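The values are calculated or read from the model by the stated rules, or taken from the named source; none is laboratory data. As the structure is a prediction and not an experimental result, all values here were calculated from the model. Because the Cβ atoms are built from the backbone with ideal geometry, glycine has one as well, and the counts that use them run over all protein chains shown.
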Amino acid sequence: MNICVLRLGHRLVRDDRITTHVGLVARAFGANKIFIANCEQRIKESIDNVSKMWGGDFTVELINDWRSVIKEWKKSGGIIVHLTMYGIHVDEVIEKIKNYKKDLLIIVGAEKVPGEIFKISDFNVAIGHQPHSEVAALAIFLDRFFRGEELKRVFNKYKIRVIPSERGKKLEVIK
């Protein structure tokens, strides 16, 4: 199963850090790829550098036309999940989503998400029904989807990794 994230509405400069964090969470919590709409190359490079150092096969693709990504996703038979506080609570739909066993495109917004997203998504999913961060929503959704197993993954092709330790900071660095 392929899990991708579509980040909509990157607001230049204002959202640099948040968009980077959406990418980092997508990577760390089990997604394979992120599409980022209308974003600068340096955001992609930042996430790519983390993947290069910390391992894994995560891909970042900068796009101009998010509608074509959604159209292709639908055409290929994948499922679209839109994370929104207006949706159905994650606990009520997560098993149904998992049971489809199809590729998953998770949409997270920045600014106001166009109304058409609510209509074309297979699922409008709420982590809670209060304002909160798209970074938190993505992390919680992926954690529920993978039942916490994504946090135990060992990334391949790493140059640096944490050695768990009760006290202090221990790293394995491959030169």
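See the values below:
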read-out	value
Some residue of the range 130-138 being of a type in the set (Asp, Glu), closer than 14 Å to residue 87 by Cα and not in a strand (DSSP E or B)	yes
The lone exception for residue 134 - which of (1) modelled with pLDDT under 95; (2) surrounded by fewer than 19 Cβ atoms within 10 Å (Cβ to Cβ); (3) touching a helix residue (DSSP H, G or I) at 6+ places or on another chain (Cβ under 8 Å); (4) not aromatic (Phe, Trp, Tyr) it fails	(2)
Subset of the range 118-151 (residues that are farther than 19 Å from residue 19 by Cα and of a type in the set (S, T, N, Q))	121, 124, 130
Among the candidates 140, 163, 174, residue that is surrounded by fewer than 19 Cβ atoms within 10 Å (Cβ to Cβ) and in contact with a strand residue (DSSP E or B) (Cβ under 6 Å, 6 or more places away or on another chain)	163
Which numbered condition residue 95 misses (of (1) farther than 22 Å from residue 48 by Cβ; (2) within 17 Å of the chain's Cα centre (by Cα); (3) acidic (Asp, Glu))	(2)
Any hit, the range 115-128, residues being in a strand (DSSP E or B) and aromatic (Phe, Trp, Tyr)	yes
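Yes/no matrix, rows are residues, columns are (1) within 30 Å of residue 175 (Cα to Cα); (2) modelled with pLDDT under 95:
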{"residue": "10", "(1), (2)": "no, yes"}
{"residue": "14", "(1), (2)": "no, yes"}
{"residue": "26", "(1), (2)": "yes, no"}
{"residue": "35", "(1), (2)": "no, no"}
{"residue": "42", "(1), (2)": "yes, yes"}
{"residue": "61", "(1), (2)": "yes, no"}
{"residue": "94", "(1), (2)": "no, no"}
